[in-house]
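Enquirer: Handing you this structure, nothing more for now.
The values are calculated or read from the model by the stated rules, or taken from the named source; none is laboratory data. What you see is a predicted model; the values in this text were computed from it and never measured. For neighbour counting, all protein chains shown are included, and Cβ atoms are generated from backbone atoms with ideal geometry for every residue, glycine included. Side chains included, ligands, DNA and RNA excluded: accessible areas come from the protein's heavy atoms. Shrake-Rupley method; radii C 1.70, N 1.55, O 1.52, S 1.80 Å.
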Amino acid sequence: MALKNMIIRSFEPDDLLHCQNITLSVYKDYGNIDGYAEKAISSDMVDIEQNYLKIPGGHWWVAVLDQQYIIGQIGIQPLSVGDQKSYCDALMNPAFSSYIDPKQICELRRLAVLSKYQRQQIGSKLLQTLIEYAKTFGYKAIHLTTLTSMLSACQFYDKHGFKRGKIEQYNLTFDSDNKVIYTKSTVFENPSALTDDDRHLISRPMYEIHRIYVRHYWMLIN
């Protein structure tokens, strides 16, 4: 059931701490894998206005309840900014770059809704706001990545028409300071290439299996 007293608006400077707290809260629900939330807050989310609103093709929106409570968020950046590795891969793939100019691909980032307000169409409305902006700006496709162990996130993107792309599997080790080191092991271009072992492990948390699976999602627009 949708909330009637909720609006979506552009980010304002006073929203910063609220957005950072949403990220901390939501990823705590997922176990905050490898301090992911803290890494987000110390990177692009340290200055949302600079890293999203002030770059061409970038933006950030918040879902506001009762004109005062921020309960959700979503950001957009050019793929070249939001996921430089995927942007370079697209440039190096003639079949892909001849179909869509990688400069016309955007990256969906930091979509999150507080758990108390999930399943009330807030995520859907945030996503639709982003899609309309992307079309207006001239983007032709939306890209994102998420961990396969984040089941509700994967279900959300499946439900909203995103197409599943490749899966990258990384093994995890620890250095002398107990920091996680990610080593790419395998790239599954097609889910049918997953081994029985991978199919068994793909939805389990990182701390149980010492590996992660990163799924790419795509949506064509316009």
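Enquirer: For segment 203-222, what are the residues that are open to solvent by less than 40 Å² (accessible area, probe 1.4 Å) and at pLDDT 90 or above?
Expert: Correct list: 213, 214, 215, 216, 217, 219, 221.
Enquirer: Mind checking which pairs have a first residue in segment 195-222 that is more than 15 Å from residue 151 (Cα to Cα) and in contact (Cβ under 8 Å) with a residue 40 or more places away in the chain and a second that is open to solvent by 80 Å² or more (accessible area, probe 1.4 Å) and assigned to a strand (DSSP E or B), Cβ under 7 Å, 6 or more apart or different chains?
Expert: From segment 195-222, the pairs are 218/163; 219/163.
Enquirer: Something else about it: Of the residues in segment 198-222, how many are more than 21 Å from the chain's Cα centre (by Cα) and part of a helix (DSSP H, G or I)?
Expert: 6
Enquirer: Would you be able to tell me the number of residues in segment 60-100 that are in a strand (DSSP E or B) and open to solvent by less than 70 Å² (accessible area, probe 1.4 Å)?
Expert: Of the residues in segment 60-100, the ones in a strand (DSSP E or B) are 60-65, 69-78.
If we keep only those that are open to solvent by less than 70 Å² (accessible area, probe 1.4 Å) as well, we get 60-65, 70-78.
Summing the residues that are in a strand (DSSP E or B) and open to solvent by less than 70 Å² (accessible area, probe 1.4 Å) in segment 60-100 gives 15.
Enquirer: Does residue 161 satisfy the criteria of being under 28 Å from residue 96 (Cβ atoms), small (Gly, Ala, Ser) and touching a helix residue (DSSP H, G or I) at 6+ places or on another chain (Cβ under 9 Å)? Let's see the steps before the verdict.
Expert: Working: under 28 Å from residue 96 (Cβ atoms): yes; small (Gly, Ala, Ser): yes; touching a helix residue (DSSP H, G or I) at 6+ places or on another chain (Cβ under 9 Å): no.
No; evaluated as a whole, the condition is false for this residue.
Enquirer: Could you list all residues from segment 76-100 that are touching a residue at least 40 places away in the same chain (Cβ under 8 Å) and closer than 13 Å to residue 130 by Cα?
Expert: 76
Enquirer: Let me ask something additional. For a quick check of your reading of the model, give me the residue pairs whose first member lies in segment 35-56 and is more than 20 Å from residue 104 (Cβ to Cβ) and open to solvent by less than 50 Å² (accessible area, probe 1.4 Å), whose second is part of a helix (DSSP H, G or I) and among the charged types (D, E, K, R), with beta-carbon atoms closer than 6 Å and at least 6 apart or on different chains.
Expert: 51/44
Enquirer: For segment 18-33, state whether one or more residues are open to solvent by 30 Å² or more (accessible area, probe 1.4 Å), more than 28 Å from residue 203 (Cα to Cα), at pLDDT 90 or above and in contact with a helix residue (DSSP H, G or I) (Cβ under 9 Å, 6 or more places away or on another chain).
Expert: no
Enquirer: Still on this structure, please answer the following. Going by what's in this entry, would residue 57 be described as assigned to a strand (DSSP E or B), closer than 23 Å to residue 128 by Cα, touching a Phe, Trp or Tyr at 6+ places or on another chain (Cβ under 8 Å) and of a type outside the set (A, V, I, L, M, F, W, C)?
Expert: Numbers: assigned to a strand (DSSP E or B): no; closer than 23 Å to residue 128 by Cα: yes; touching a Phe, Trp or Tyr at 6+ places or on another chain (Cβ under 8 Å): yes; of a type outside the set (A, V, I, L, M, F, W, C): yes.
When the stated conditions are applied, residue 57 does not pass them.
Enquirer: Where in segment 116-197 are the strands (runs of 3 or more DSSP E), entirely inside, with at least 3 residues that are β-branched (Val, Ile, Thr) and surrounded by 15 or more Cβ atoms within 10 Å (Cβ to Cβ)?
Expert: Working: elements: 141-147, 163-174, 180-188.
Filter on segment 116-197 gives 141-147.
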